[in-house]
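As structure tokens, the structure follows; a few thoughts come after it.
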Amino acid sequence: MRGTDFDDAALDEAGGAAVEGRGPVTRMTAATVLSLGILIAVNSIAMSGSPYRWWADFIIIPGLVFLTLSVGLPRAARETRFVLAWMGAVVLAVALLLMAGKMGEYWPLMIVVPCLGPAALFALRPADASVRAFVNTVAGLALVGIALGLAFLLIRGGAIDPGDTRWWSFAMLAAAGVTGANGLILLATRRGTYWFSMAVLLIALGAYTTLAAIAELGR
């Protein structure tokens, strides 16, 4: 009986390891099939128009490879998957705009898409207050960048008309607010390894950017 129990336990362990091992393979296979489907669909749509910019495939394929690895790479850390997905999204966005011949019209997406990765840094929440202030500043500036890119899209699409207003100065003010606010919060909490130096640096950058934005508005 004891031998049978040992054999059953060994079989169960081997079966569990086999099932666990099939997981990454299944994800990689599914991600690869999906990427190939996207590649075929994009080229099918592009071939129906004129001209067919086949050379954009040399950019599409690396982007899809990054995205495939972000999903199917076995035993990869979450941070590694995130960076691969971010790089893949940026490369793929460039490739699709080139394939469609819309880079001149939708170039503000080249501001929006790259900023999506840094904006997600809000989820990190580092334990050190100084590092957290820096990370939150980068993430907040990325959100300002996304808003700036969307504003460019709306203006180019005719949805809004800022006229002669130097509207980008408000984006500068928003960036100054993000930087200065994180510096003031850090100065108030007085926590972190280099809290004073980081707080002074952020506040100074916020103040300088505010002055630059006011000067730009006054031109």
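At 1.4 Å probe size, put ARG78, ARG191 in order of accessible surface, largest to smallest.
ARG78, ARG191
Roughly speaking, to the nearest percent, how much of the chain's 1.4 Å accessible area is carbon and sulfur?
The value for the chain is 70 percent carbon and sulfur by accessible area.
Would you mind telling me which residue in ALA188, ALA133, ALA174 has the biggest mean-square fluctuation in a Gaussian network model of the chain, where springs connect alpha carbons within a distance under 10 angstrom?
The residue with the greatest mean-square fluctuation here is ALA188.
What number comes out for the charge environment of GLY183, summing +1 per Lys or Arg and -1 per Asp or Glu over other residues with Cβ under 13 Å away? Don't skip to the answer; put the middle values down first.
Values: positive: ARG132, ARG190; negative: none.
Value of the local net charge: +2.
So how exposed is MET28, as accessible area in Å² (1.4 Å probe, rounded to 10)?
Number for this one is 50 Å².
What number comes out for the charge environment of VAL135, summing +1 per Lys or Arg and -1 per Asp or Glu over other residues with Cβ under 11 Å away?
+1
Okay, helix-only estimate at 222 nm for the chain: each DSSP H run of n ≥ 4 adds -39500 (n - 2.57), divide by all residues, round to 500 deg cm²/dmol; what do you get? Kindly include the intermediate steps, with their values, before the conclusion.
On the way: 8 runs with 173 residues, N = 219.
Computed mean residue ellipticity for the chain: -27500 deg cm²/dmol.
Excluding ligands and nucleic acids, what accessible area in Å² is computed for TRP55 using a 1.4 Å probe, to the nearest 10?
Accessible area, nearest 10 Å²: 110 Å².
What figure in square angstrom, to the nearest 10, would you give for the accessible area of TYR52 with a 1.4 Å probe?
Accessible area, nearest 10 Å²: 80 Å².
Taking the solvent-accessible surface of protein heavy atoms with a 1.4 Å probe, what is the per residue accessible area of the chain in Å²? Don't skip to the end; give the middle numbers.
Numbers: 13530 Å² over 219 residues.
Value for the chain: 62 Å² per residue.
What length, rounded to one decimal in nm, is gained on full extension from ALA100 through to ILE61, with 0.36 nm per residue of separation minus their alpha-carbon distance?
Difference between extended and current length: 12.5 nm.
The values are calculated or read from the model by the stated rules, or taken from the named source; none is laboratory data. Everything numeric here is computed off the predicted structure, so don't read it as measured data. Methodologically, a virtual Cβ is constructed for each residue, glycine included, from the backbone with ideal geometry; neighbour enumeration extends over all protein chains shown. Ligands, DNA and RNA are stripped out before the accessible areas are found, and what is left, the full protein with its side chains, is counted by its heavy atoms. Shrake-Rupley method; radii C 1.70, N 1.55, O 1.52, S 1.80 Å.
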